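A quick write-up on the structure given underneath.
Bear in mind that the values in this text are calculations on the coordinates, not laboratory data. Just so it is clear, the structure is predicted and the values come from calculations on it, not from any experiment. A quick note on method: Cβ atoms are made from the backbone with ideal geometry, for glycine too, and the neighbour counts reach across all protein chains shown.
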Amino acid sequence: MDLSKEIEVLIFASDGPINLEEIAKILEIDNLQTVEKIIESLNNSYEKNGRTFIIRRVAGGYQFAANKQYYPIVEKLYKEQKKIHLSTSAMEVLAIIAYHQPITRTKIDAIRGVSSQYHIHNLLDVKLVKIQGRQKVLGRPLLYGTTDKFMKFFGLNNIEELPNIREIKEVTNSDISEPQKNISTKTKPE
């Protein structure tokens with residue numbers, strides 16, 4: 001069988017992002033760079049042939065996604081499913097957690113100047129935030145961090161892809177805003 005087709009079908013059939021190690025293990029490939037090169041070649045082929053989709057890195061793995069130019073059409077399809085409505089203050093709490101994770105509620109409250117308990121509870125309910133453990137200090141407060149659902153929701157492969165303050169200013173000053181850049185924060189240092 002054609003290795004590129006085998007990789008393509010694994011990514012297609014996976015119910016979520018599939019990482020290089022999983023692909024290599026299933027197909028018994030020793031070199032992860034071989035898998036990366038084949039994925040890159042597949043994407044080049046899709047682009048050359050004018051396909052509407054690509055293989056994209058998301059949450060540490062690979063999955064099929066629509067090209068950015070088709071996002072408005074896809075958003076219409078999933079409009080009903082993407083009903084996570086976050087208030088400005090909930091987005092603020094989420095941004096603080098994303099940029100400072102792992103972080104305690106006390107530290108979040110100190111940054112915001114008000115209690116964040118309600119918003120943290122709601123973010124846990126919609127699974128954008130998770131408990132990552134306990135801090136090893138008196139009282140052993142809970143530590144919060146983001147989830148894979150957060151990464152998927154904002155279209156990020158890893159947390160380092162979060163925009164810095166300069167990038168946020170550029171996005172908010174432009175007429176074009178992309179879904180994965182719609183988070184507001186005041187806390188990430190440049």
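At-a-glance table
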{"item": "Positive-end residue, the stretch 3-78 charge dipole about Cα centroid, Cβ charges, pick of THR34, PHE53, VAL9", "result": "PHE53"}
{"item": "Rel. contact order, % - alpha carbon contacts under 8 angstrom, at least six apart, the stretch 3-78", "result": "31"}
{"item": "Nonlocal amide H pairs with PHE53, under 5 Å, H built at 1.01 Å", "result": "ASN67"}
{"item": "Other-chain or far-sequence residues with amide H under 5 Å of LEU143's (modelled H)", "result": "GLN132, GLY133, ARG134, GLN135"}
{"item": "Span from the the stretch 12-56 Cα centroid across to the the stretch 73-132 one, whole angstrom", "result": "32"}
